[in-house]
Amino acid sequence: MMVVDFLVVGGGVAGLRAAAGLAESGRVLVVTKEGLSESNTAYAQGGIAVAMGGDEDVALHLADTIVAGDALVHAQAAAVLVERGPKRVEELLAWGTQFDRYAADDPARAGALMKTREGAHTVPRILHAHGDGTGWEIAASLLRHVRGLEQVELMEWTTTVELIVDSDSDSDAGRVVGATLLDAAGGLREVRARAVLLASGGAGQVYSDTTNPAVATGDGIAMAYRAGAELMDMEFYQFHPTAFAMEGAPRFLMSEALRGEGAWLVNAQGERFMGRYHPGLELAPRDVVARAIAREAIDGPVYLDMREAGQKMDLKARFPGISKFLEGYGLELARDLIPVRPAAHYLMGGIRTDVNGRTSIPGLFAAGEAACTGVHGANRLASNSLLEGLVFGALAAEAMKGEVRGSRIEVQGKTEARGDEGGDVEGFIADLRGLMWRDAGLLRDAAGLRRAQDALAELQERMPQALTRRAQEARNLHAVAQVIVQAALGREESRGAHFRMDFPGKAKLALHSVVERGRLRFVERV
Ligand code: SIN
């Protein structure tokens, strides 16, 4: 058994920023399932939205965040995000993050941070790095900083299997006192900690079409749920409108920043169609653009057209990552139409927390995409998630410092090693992802969601039992899928990213869904 002060699960922006804060108060163990370079953070292309221009700028960022969230944004959380954001970004700059700046041949702006605009932002406020490599740059500079902290130990290629809950603690919900880890060689070990932070990211892999990397299997969310934590707003999955859409190719993200820099969306007839759907055209809210593309795609492929915008800028310099990816398929932004369609991108819901990352179980904290503070409501404003990870990762660290170690060492619910993988784990996962995409995706109705519920119940019979990373991921995906479907079926309205074809209107009162131990309820945020 290993004993530390703080256990952090996940090495994206939220986990690393939290580790940096926690290191001031004790020994920190950061556990990641793969190498530290692999997280949703690292794949973020567009950038980080932040209002660096003073009070009016901050107020405008708050207003845009609230409007995007379709009446479900928790105003206190959003205010914390936009007000504390600039300080966190200045800290990143001090730690060596290189955001893109205007060059010397632009004397009026030389050296100033470049800002771009994305959907539903009223002004350009998105900082970027290496063109479309913002996530990599932020992750790399945080990692450099954290590697220099003596109190932090980084443990890669290690799967967190279950939380250890002391059910004899003073609280009815028990107390999280650590977790069981599985290393790459199949060895199990327990880690005890004063507080555990789940910063393990989202669950895009629950859908067959996703922009997320393979690690995004909802591990932290599923573990917290099994331990009895409340999950909130799990039906709100954001579908990014423009993932690369070529048969056999990955759903690589075609950043919203392309549309921010002037790309059009055109249908199979060559028509620029967004005018028929929203006055904001290509920069309408993400859910509107995603559904518009899905509708147009019934009659043929939909394309991003950057050819005209490409005459005004060097697209290879502005979008080096995307350009390199497209080159592999013989395509060029400035010359070709790029086939796109929506794909699962970001989970607005997650483990219910307050703004300090506290979950419904003492000792357990969550931050970043795994958490749900309500900051995004029903629909996240583009490029708000890197800022979310920084701000709420830092706040969770402050709150965790106040936790004291649970007194009992012997607790229930230990995980035992269980044999070989056996069964068809990949088949199980592929079936789950396919059914979720078909019946619980962008456009939903009761019949489809009930089909999904039945299919998930059938899949339960084939649940992999072994204790391997992949079998664990299969169980986690299944748990997350069940809650998404349950909450989506219960929400008989269309709001933000959740669109019910059988309930296209909005309910009068905007409520949050909460699922706890299989029970669904709707609550007003207090
Ligand atoms: C993008 O670059 O389009 C993604 C940014 C985000 O999801 O916030």
Notebook entry, point to check: Only one of (1) outside any helix (DSSP H, G or I); (2) surrounded by 15 or more Cβ atoms within 10 Å (Cβ to Cβ) is not met by V123, so which one is it?
Noted result: (2)
Next item on the list: Out of R226, R272, R295, report the one residue that is surrounded by fewer than 20 Cβ atoms within 10 Å (Cβ to Cβ), away from the ligand (no atom under 16 Å from the Cβ) and under 30 Å from L198 (Cβ atoms).
Entry: R226
Checklist line | Residue ID - surrounded by the most Cβ atoms within 10 Å (Cβ to Cβ), chosen from residues in region 500-526 that are in contact with an Asp or Glu (Cβ under 7 Å, 6 or more places away or on another chain) and outside any strand (DSSP E or B) | finding: L511
Checklist line | Sole exception among (1) over 30 Å from D314 (Cβ atoms); (2) in contact with a Gly (Cβ under 8 Å, 6 or more places away or on another chain); (3) modelled with pLDDT of 95 or more for A63, by number | finding: (2)
Notebook entry, point to check: Within region 444-471, restricting attention to residues that are polar (S, T, N, Q) and more than 20 Å from G518 (Cβ to Cβ), which residue is surrounded by the most Cβ atoms within 10 Å (Cβ to Cβ)?
Noted result: T468
Notebook entry, point to check: Checking A243 against (1) more than 16 Å from the ligand (Cβ to nearest atom); (2) touching a residue at least 40 places away in the same chain (Cβ under 8 Å), which single condition isn't satisfied?
Noted result: (1)
Next item on the list: Return only the number of the condition from (1) surrounded by fewer than 22 Cβ atoms within 10 Å (Cβ to Cβ); (2) over 30 Å from K324 (Cα atoms) that V165 does not satisfy.
Entry: (1)
Next item on the list: Return only the number of the condition from (1) away from the ligand (no atom under 15 Å from the Cβ); (2) modelled with pLDDT under 95; (3) not in a loop (DSSP other than H, G, I, E, B) that R109 does not satisfy.
Entry: (3)
Check: Quick one: how many residues across region 361-389 are touching a strand residue (DSSP E or B) at 6+ places or on another chain (Cβ under 8 Å), of a type in the set (A, V, I, L, M, F, W, C) and within 14 Å of the ligand (Cβ to nearest atom)?
Finding: 4
Checklist line | Restricting region 298-327 to residues that are among the β-branched types (V, I, T) and surrounded by 15 or more Cβ atoms within 10 Å (Cβ to Cβ), the residue that is nearest to M274 (Cα to Cα) | finding: V302
Next item on the list: Return the pairs, sorted by first residue and then second, in which the second residue is among the charged types (D, E, K, R) and part of a helix (DSSP H, G or I), the first residue lies in region 418-433 and is at pLDDT below 95, the beta carbons are less than 9 Å apart, and the residues are 6+ apart or on different chains.
Entry: E421/R470
Notebook entry, point to check: Can you tell me which of L149, L163, L127 is aliphatic (A, V, I, L, M), on the phi < 0 side of the Ramachandran plot and within 13 Å of the ligand (Cβ to nearest atom)?
Noted result: L127
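The values are calculated or read from the model by the stated rules, or taken from the named source; none is laboratory data. Owing to the predicted nature of the structure, the values given are computational and were not obtained by experimental measurement. Reconstructed Cβ throughout: ideal geometry from the backbone, glycine too, with neighbour counts over all protein chains shown.
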